[in-house]
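Below you'll find the structure, written out as structure tokens, and then a few comments.
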Amino acid sequence: MVPFSFSGHDLVALPQAALFWPARKALLVADLHFEKASWFARFGQMLPPYDSEATLADLEALIAATDARELWCLGDSFHDSAGSERLSDAARTKLAVLTDTLDWTWITGNHDGALGADCGGRIMEEAEVDGLLLRHEADPAEPRPELSGHFHPKLRIRVRGKGVSRRCFVATTRKLILPAFGALTGGLDAGHPEIARAVGADAEALVPVNDRLLRFPLAA
Amino acid sequence: MTDASASSLPAPLARWFADRGWAPRQHQLAMLEAARAGRHALLVAPTGAGKTMAGFLASLVELIDKPGDGLHTLYVSPLKALAVDVQRNLLGPIAEMDLDIRVETRTGDTPHNRKVRQRQRPPHMLLTTPESLSLLISYADSANLFADLKTVIVDEVHAFATQKRGDLLSLSMARLQTLAPGLRRVALSATVADSQGYARWLAPDADADSVTIVTGEAGAEAEIEILLPEDRVPWSGHSGSYATEQVMEIIAAHKTTLVFCNTRGLAELIFQDLWKANGGELPIGIHHGSLSREARRKVEAAMARGELRGLVATASLDLGVDWGDVDCVVQMGAPKGASRLLQRIGRSNHRLDEPSKAILVPGNRFEYLEARAALDAVAERELDLDIFRLGSLDVLAQHLMACACAAPFEEAAMLAEVRSAAPYRDLPSAEFSRELDYIASGGYALRAYDRYKRLASDVDADGQTIWRVSHPKFEKQHRLNAGIIVDAPILDVRFKNGRKLGTVEEYFAATLSPGDTFFFAGMSLEVLGIKDTDLTVRASSRPARIPTYVGARLPLTTHLADRVRGFLANPAEWAAFPEDVEEWLRVQSEKSVLPKPGELLIETFPHEDRQFMVAYSFEGWNAHQSLGMLVTRRMETAGLKPIGFVANDYSFATYSLERVRDPAPLFSPDILEDEFVDWVQNSHLLKRAFREVAVIGGLVERQHPGKRKTGKQVTFSTDLIYDVLRRYEPDHLLLEAAWADARTKLTDVGRLAGLLDRAADTMVHADLPRVSPLAVPVLVLIGREHVAQGTVDDALLIEAEALAEIAMEGV
């Protein structure tokens, strides 16, 4: 785990598409999109009904690996406002155990309607933590250093004839966008104009691999 | 005994033949006789033998003898353009005979109002494609529409019976047979090696005995020659582009010349070369599957009017569209298969009594041998064997949904109907139930979607299980997404004024930045920008790259490979070869070994501080790509420090830091059980196959080009679905279907397995002090072929970052 410095804080970008904040033992994840598959199933696209379970299993493994005490979800935790009602019993129990064990905060996003009361954790629209602003969607006008999600950034490049596509972080000096964590969440090209609009010039895509953090300049 | 002599033809037909001074051909009458005997019929004949008339003759006779309303004959062709073409060839005679027979076309391009009218007031004959037929079947009124159907004619059956579209049509025919039990099936085929196999495919219940096989008269022998360069046959390359000037001379010396290339990229390259050599003197054009429909139609029309002297084309032109005055066919690079060569040659000269003329331009020395092999095979009329596979599960799912959209069906009766289609003959009933469960609610062990079911089932008074569509919205959804062809994600190539030139695959477009140039539609184009699904370009005069296209290459057929091996082992044949090819083989036999047929030659030698191993396995490029990947993995485990590998159709070469002393363990059959499964599951091969089955099988909706959906709907990829499914339900029906596809289509596993099974007994290891002549054609590919060398994505990313750093230095 190689930390990088962001606005005076040491943070670790994890290859599992999450951010770890060692000083607080906090894990930050964005765009879990629980129950995305069942949302599509209602319209006749029967995607595998295991996405919430898969996302939760990944999250559990990460919590165990980092020994995290705090967990921050940066919005769009459920794919749609009725998502929490569709959680399977097994997934609901698993989630309840997690929110009960950790200091858990749901930052609300554009997809989250009423988070189910039985999910546990606290619900906030945004939060300021040790000088870092946590919110769902980056605000171009925000002067404070800010961590957000929403865009599902993904780096797509071709090397030696082979295409490589990877969830990535997008960083400038004052803004950091997290990749989507959910098992069925797709991605938006990191160089997409919408992301550029949100973070401004001189953005980099950060790609953690094993024990290194790769940096790719993004064309403005 | 039925009398089917010319005199038995109804008066208008007899007169029509007589007025032209023609007599019906033997095979046309034989087809008529089969019809009168009520038998299914398969016509195997070369192009230009009056096949269209042979197929329709019986229907014309019946409609003249007993005029009536309603749909009488359904004609199914794999190509939309072909249906248009046959309409012309059929409508001509009908108009000339002044018959009251209505013929219409129905494809994806047919306007909606006409489609509706066709269902309400059907023509006597309907010309369509397998996909459009499947859609017709999904309408509730299909039972009425097809109730009086007498004949279904399948054209160019050799081109698609063994593929998924063949599965779909076979299922559709089973449905038609239920709706119209007296239906007679007719198929028209080019010359094939196994006409019995096609008869089985055509017949209900795969009963080949119910099919009369009619063989057309053979045309004049084709005149095929191999074009040799003025100096030496090149060591490597596929294009034969060294021969540009000579090909231009050929075009100048003929009325119309078709120049066939094996890939779209190659076609663009060859066209550029020819264009330069041509200096704008002669009208030449280009035609391939990625050009816009308008562009293709324009070229086709210009060809039909005889305005083009030369046309550079790919397989999109392979099928039997009648081009009139083509008097010469040039094949750039090796033909890869004797049947394919014969079909391409068939594009020239449609008169049977005059020989077709073809010129092969081999790209390298092995391709020279391959061209000779193809020439011999054609002369001996020995064709490649087509392999009939089991029907795909994704296609079956689509078909069952279509049937349910039309009307509720009984499970047991439907199973019997499906089994009457040859590809699904041995479908177990448990597998069938699994299909239905999959369509209804995704087929997951976790019964999460029972409340969203697309199909509902109940048990009727007779104890039969009846399946029906649960909501009309799913019918609409099915019709929007049905189809068998799943394109790679594509971008439209457009000028600024919006005019569309065609499409390139997204992954190629992703490598382009504004200012880059690439060859497309015969032009050099500069990228202005990429927005949504449009790649905006302007014409440029700068040199440009050639677009590449995903997809397996045409593999060298086993049969041609065997012939090439035969040449290697038989020095008596070499005298007929050009001097440099003969010398190449002779020196090989002196310095190393020439493998006997059936032997697997492995050479090892050092070269420039690296250790090489070349395996001459002759199993085709696709299989060699897989094997190269697997063998390098094994070398890694064995501590041989492999650096990479390259492959062509004939051999593959690995290079490593350590010397391979004993190649045998690298080629043991267990590689297919251990490394292979692991590799395929993690490779793009299976993911690409999964994407296709997920669309065909109706798990995900098709992305309609130009109509990219907004918001939440775009944001999942089939790769992610694949990962989740593999993790939680590894035995899911669609994963099984993807495996079946990957196994046959993408990796030629059958050939791999055969090779590895034989390897231990047939391996001949030549440990050499230096590189051998036979190794040169594959070794020169090193550094030229951009194939990922088994490197994991992480390593590639690290490399890319380093490159980006260098590129951005000083910024």
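Taking the stretch B:401-412 as the range and being free of Cβ contacts under 8 Å to residues at least 60 places away in the same chain and either assigned to a helix (DSSP H, G or I) or within 27 Å of B:Arg727 (Cβ to Cβ) (or both) as the test, the residues that pass are B:Glu411, B:Ala412. Residues in the stretch A:33-65 that are farther than 30 Å from B:Met401 by Cα and more than 16 Å from the chain's Cα centre (by Cα): A:Ala64, A:Ala65. All of (1) within 14 Å of another protein chain (Cβ to nearest Cβ); (2) buried (at least 23 other Cβ atoms within 10 Å of the Cβ) hold for B:Leu393 with one exception: (1). Within the stretch B:252-289, the set of residues being touching a residue at least 12 places away in the same chain (Cβ under 8 Å), of a type in the set (Gly, Ala, Ser) and within 22 Å of B:Arg542 (Cα to Cα) comprises B:Gly265, B:Ala267, B:Ala277, B:Gly285. Filtering the stretch A:173-186 to residues that are within 13 Å of another protein chain (Cβ to nearest Cβ) and either surrounded by fewer than 24 Cβ atoms within 10 Å (Cβ to Cβ) or of a type in the set (Ser, Thr, Tyr) (or both) leaves A:Thr185, A:Gly186. Listed here are the helices (runs of 4 or more DSSP H) enclosed by the stretch B:56-166 that have at least 3 residues being closer than 30 Å to B:Leu385 by Cβ and either in contact with a Leu (Cβ under 6 Å, 6 or more places away or on another chain) or of a type outside the set (A, V, I, L, M) (or both): B:80-96, B:130-137. Which residues, taken from the stretch B:272-290, are under 23 Å from the mean Cα position of the chain (by Cα) and aliphatic (A, V, I, L, M)? Within the stretch B:272-290, just B:Ile286 meets the criteria. Can you say whether A:Thr105 is of a type in the set (Ser, Thr, Tyr), part of a strand (DSSP E or B) and either touching a strand residue (DSSP E or B) at 6+ places or on another chain (Cβ under 6 Å) or touching a residue at least 12 places away in the same chain (Cβ under 8 Å) (or both), as far as the supplied structure shows? It is true that A:Thr105 is of a type in the set (Ser, Thr, Tyr), part of a strand (DSSP E or B) and either touching a strand residue (DSSP E or B) at 6+ places or on another chain (Cβ under 6 Å) or touching a residue at least 12 places away in the same chain (Cβ under 8 Å) (or both). In this structure, is B:Glu603 crowded, with 24+ Cβ neighbours inside 10 Å, farther than 21 Å from B:Phe676 by Cα and modelled with pLDDT of 90 or more? Yes; evaluated as a whole, the condition is true for this residue.
To keep it simple, each residue is scored yes or no on (1) more than 24 Å from A:Gly131 (Cβ to Cβ); (2) in contact (Cβ under 8 Å) with a residue 24 or more places away in the chain; (3) more than 7 Å from every other protein chain (Cβ to nearest Cβ).
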site	(1), (2), (3)
A:Ser148	no, yes, yes
A:Pro153	no, yes, yes
A:Ala171	no, yes, yes
A:His192	yes, yes, yes
A:Arg197	yes, yes, yes
A:Val207	yes, yes, no
A:Asn210	yes, yes, no
A:Leu218	yes, yes, yes
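Of the residues in the stretch B:367-386, at least one is within 25 Å of B:Gly697 (Cβ to Cβ) and under 32 Å from the mean Cα position of the chain (by Cα).
The numbered conditions (1) part of a helix (DSSP H, G or I); (2) farther than 26 Å from B:Leu341 by Cβ are all true for B:Glu582 except (2). With respect to the conditions (1) in contact (Cβ under 8 Å) with a residue 12 or more places away in the chain; (2) assigned to a helix (DSSP H, G or I), B:Lys298 lacks only one, and its number is (1). You will find that of B:Leu149, B:Leu136, the residue that is assigned by TED's automatic domain parsing to the domain that holds B:Lys51, among the aliphatic types (A, V, I, L, M) and under 20 Å from B:His40 (Cα atoms) is B:Leu149 and no other.
B:Thr105 falls short of the stated requirement of being under 25 Å from B:Asp167 (Cα atoms), modelled with pLDDT of 95 or more and buried (at least 19 other Cβ atoms within 10 Å of the Cβ). Residues in the stretch B:415-431 that are assigned to a helix (DSSP H, G or I) and buried (at least 21 other Cβ atoms within 10 Å of the Cβ): B:Val418, B:Ala422, B:Pro423, B:Tyr424. In summary, B:Lys164 fulfils each of the numbered conditions (1) farther than 14 Å from B:Ala41 by Cα; (2) surrounded by fewer than 24 Cβ atoms within 10 Å (Cβ to Cβ); (3) not aromatic (Phe, Trp, Tyr) with the single exception of condition (2).
Of a type in the set (S, T, N, Q), in contact (Cβ under 8 Å) with a residue 40 or more places away in the chain and out of contact with any His (no Cβ under 7 Å at 6 or more places or on another chain): does that describe A:Thr66?
Here the answer is yes, as A:Thr66 does meet what is asked.
Filtered by the rule that a residue be part of a helix (DSSP H, G or I), surrounded by fewer than 19 Cβ atoms within 10 Å (Cβ to Cβ) and under 26 Å from the mean Cα position of the chain (by Cα), the stretch B:171-196 gives a lone residue, B:Gln196.
Is it fair to say A:Asp130 is at pLDDT below 95 and out of contact with any His (no Cβ under 6 Å at 6 or more places or on another chain)? When the stated conditions are applied, A:Asp130 does not pass them.
The values are calculated or read from the model by the stated rules, or taken from the named source; none is laboratory data. What you see is a predicted model; the values in this text were computed from it and never measured. Heads up, the Cβs are rebuilt from the backbone with ideal geometry, glycines too, and the neighbour counts pull from every protein chain shown.
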